[in-house]
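Here is the structure we will look at.
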Amino acid sequence: MRIPVYLILGFLDSGKSQFVNGVLSDGLAADHRTLLLQCEEGEVEYDQRLMRNVSVAAVEDEEDLTPMFLRECEKKYRPRQVLVEYNGMWPLETLVEHMPPSWFLAQTFTFVEAGSFEVYSRNMGQLMSEKVRAADVLVFNRCTPELKASLRERNLRMVNRRAEIYLEDMEGKDEDYLTGEECPFDLSQEVIDIPDEDFGVWYVDVMDHPQRYKGKTIHAKLVMMRSSKYPDTCCPGRFAMVCCANDVAFLGLVAQGAGLEEYRDRQWLEATFTIAIREHPAYEGPGPFMDILESRPCGKAEPELLTY
């Protein structure tokens, strides 16, 4: 049996323990034995009324977080899921590299006290950066209007392109970080290189904001596909698992350029192209076109299958 691990990151007084109480109150541990690894003791205590199905194992020092300790926890508590309130001063690799083979990271939450973000970023940049980059859900709490504006000016989407980001005010009410104007890529580059794992993010952004990329030069690894509905139309892109293994979709853009006819369907290619906006029936109106400048066969991207 594989055991999901829910990792809760942040520095002291960032709201991690409060979040643990919240998810337990919502019934996370109601039906499954849960192991809670407490790697940092903050001011907020766990609500004992919610701990009926939860076993707590305290980890006081980073060197105690060993493969043997985690295996012993698995054997002793027999959890069906694991919550980890992680110490903000410890690097993530200490936990990730020592997890038993049956454990896997299911979701990572990062909490940041907005007023201390600049100080931590300036003085402990690497530790702060890895926690922001690792997040699936990123929450900045205790935000004033001025802090919200400052955080949006930083364009955190360029640091973590996949995370859901929320700004929480002093009363605990949250709002989406995104306003629709943020771009997850640096458009000032001469050639915008799309990392293999971020093609899905770029695809969504170019479909939503094609004018943003008009005339820009892009480099990416792609899979060649041809449209079954529109003969002779090349639409290279990537396969993506939207929610489960049975729900795989192809994310492609209409393309033109010399040499595309040489690639067979499902063949990988590395391409440099510019974006133009033209009419095509596949878009039911104007949409982004890839004008291929150069391409060559290449190996598979890593990961081969995108996930959301």
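The values are calculated or read from the model by the stated rules, or taken from the named source; none is laboratory data. A quick note: this is a predicted structure, and the numbers were derived from the prediction, not measured. Backbone-built Cβ (ideal geometry, glycine too); neighbour counts: all protein chains shown. Ligands, DNA and RNA are stripped out before the accessible areas are found, and what is left, the full protein with its side chains, is counted by its heavy atoms. Shrake-Rupley method; radii C 1.70, N 1.55, O 1.52, S 1.80 Å.
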Quiz prompt | Residue ranges of strands (runs of 3 or more DSSP E) in the stretch 250-298 with at least 1 members in contact (Cβ under 8 Å) with a residue 60 or more places away in the chain | solution = 268-280, 285-297
Quiz item: For the stretch 182-213, what are the residues that are open to solvent by 80 Å² or more (accessible area, probe 1.4 Å), within 18 Å of residue 237 (Cα to Cα) and touching a residue at least 60 places away in the same chain (Cβ under 8 Å)?
Solution: 197
Exercise. Using the structure shown, decide if residue 40 is in contact (Cβ under 8 Å) with a residue 40 or more places away in the chain, surrounded by 12 or more Cβ atoms within 10 Å (Cβ to Cβ) and more than 19 Å from residue 106 (Cα to Cα).
Key: yes
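Looking at 220, 240, which one is within 25 Å of residue 187 (Cβ to Cβ), without any contact (Cβ under 8 Å) to a residue 60 or more places away in the chain, touching a Phe, Trp or Tyr at 6+ places or on another chain (Cβ under 8 Å) and open to solvent by less than 30 Å² (accessible area, probe 1.4 Å)?
Being within 25 Å of residue 187 (Cβ to Cβ), without any contact (Cβ under 8 Å) to a residue 60 or more places away in the chain, touching a Phe, Trp or Tyr at 6+ places or on another chain (Cβ under 8 Å) and open to solvent by less than 30 Å² (accessible area, probe 1.4 Å) holds for just one of 220, 240, which is 220.
Looking only at the stretch 61-97, filter to residues that are of a type in the set (Ser, Thr, Tyr) and assigned to a helix (DSSP H, G or I); which one of those is farthest from the chain's Cα centre (by Cα)? Full working, then the answer.
Taking the stretch 61-97 as the starting set, the residues that turn out to be of a type in the set (Ser, Thr, Tyr) are 66, 77, 86, 94.
Narrowing further to those that are assigned to a helix (DSSP H, G or I): 77, 94.
Numbers: 77: 30, 94: 20 Å.
Only one residue tops the list, namely 77.
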